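The values are calculated or read from the model by the stated rules, or taken from the named source; none is laboratory data. All values reported here derive from a predicted model rather than from experimental measurement. Glycine gets a Cβ as well: all are built from the backbone with ideal geometry, and neighbour counts include every protein chain shown.
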Amino acid sequence: MFTNLKWTLIFSTIPDKVEFVDFNNMQLQLKSIDIQYRPMVTTRLHVPLIGLGTMTWGEQNNLQQACEQMDYALKRGVNLFDAAEMYPVPPRPETVGETERCIGEWFAQSGKRHEVILATKVTGRAEQKQSGLSHIRGGTRLSRDHIRRAIEGSL
């Protein structure tokens, strides 16, 4: 279902401000919008209300395309990158962790880790046989141990 996907959604919490970046034939298109930031309580961080989704990297998009998308987003002020333990989608044992590998490679190559707020998610509880997620931590559970393992296994 996702096999020919060549775009990444840049999402927003602002109504009517969801934009798509089209990477077919390398035609990069994003309407210019004013990016708003909000302070993250108890930190010095200011988090944008728009972020770059990464769920296709390592499956539908390769490393080069992922790097181009991160460069493109960061140049436009989008410095919140959204990742997840189960990415890329669809989740498969042979691609698990590829999205984070793309992000890590870009951090190493670009030296821009300090410019990015990286959000990630722990894969939650699911019916193991039906979810196809049994390859993640031996089965997705949200016990203290599993959350710790997910954090330690992340970037």
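Below is a table of values for the structure above.
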{"item": "Qualifying residue in segment 118-126 (condition: in contact (Cβ under 8 Å) with a residue 40 or more places away in the chain and out of contact with any His (no Cβ under 7 Å at 6 or more places or on another chain))", "result": "yes"}
{"item": "Any hit, segment 104-124, residues being at pLDDT below 80, of a type outside the set (Phe, Trp, Tyr) and over 19 Å from GLU59 (Cβ atoms)", "result": "yes"}
{"item": "Enumeration of residues in segment 17-29 that are part of a loop (DSSP other than H, G, I, E, B) and modelled with pLDDT of 50 or more", "result": "PHE23, GLN27, LEU28, GLN29"}
{"item": "Residues satisfying the stated conditions in segment 41-54, i.e. in contact (Cβ under 8 Å) with a residue 24 or more places away in the chain and not in a strand (DSSP E or B)", "result": "LEU45, LEU49, THR54"}
{"item": "Qualifying position, being of a type in the set (Val, Ile, Thr) and in contact with a helix residue (DSSP H, G or I) (Cβ under 6 Å, 6 or more places away or on another chain), among THR95, THR43, THR54, THR99", "result": "THR54"}
{"item": "Count - residues of segment 44-68 that are of a type in the set (D, E, K, R) and surrounded by 15 or more Cβ atoms within 10 Å (Cβ to Cβ)", "result": "2"}
{"item": "Tabulated pairs, segment 134-155, first without any contact (Cβ under 8 Å) to a residue 12 or more places away in the chain, second surrounded by 12 or more Cβ atoms within 10 Å (Cβ to Cβ) and not in a loop (DSSP other than H, G, I, E, B), C-beta under 6 angstrom, 6+ apart or interchain", "result": "SER134/GLN128; GLY139/GLN128"}
{"item": "Search result, residues across segment 42-74 that are within 19 Å of TYR87 (Cβ to Cβ) and of a type in the set (S, T, N, Q)", "result": "THR54, THR56, GLN60, ASN61, ASN62, GLN64, GLN65, GLN69"}
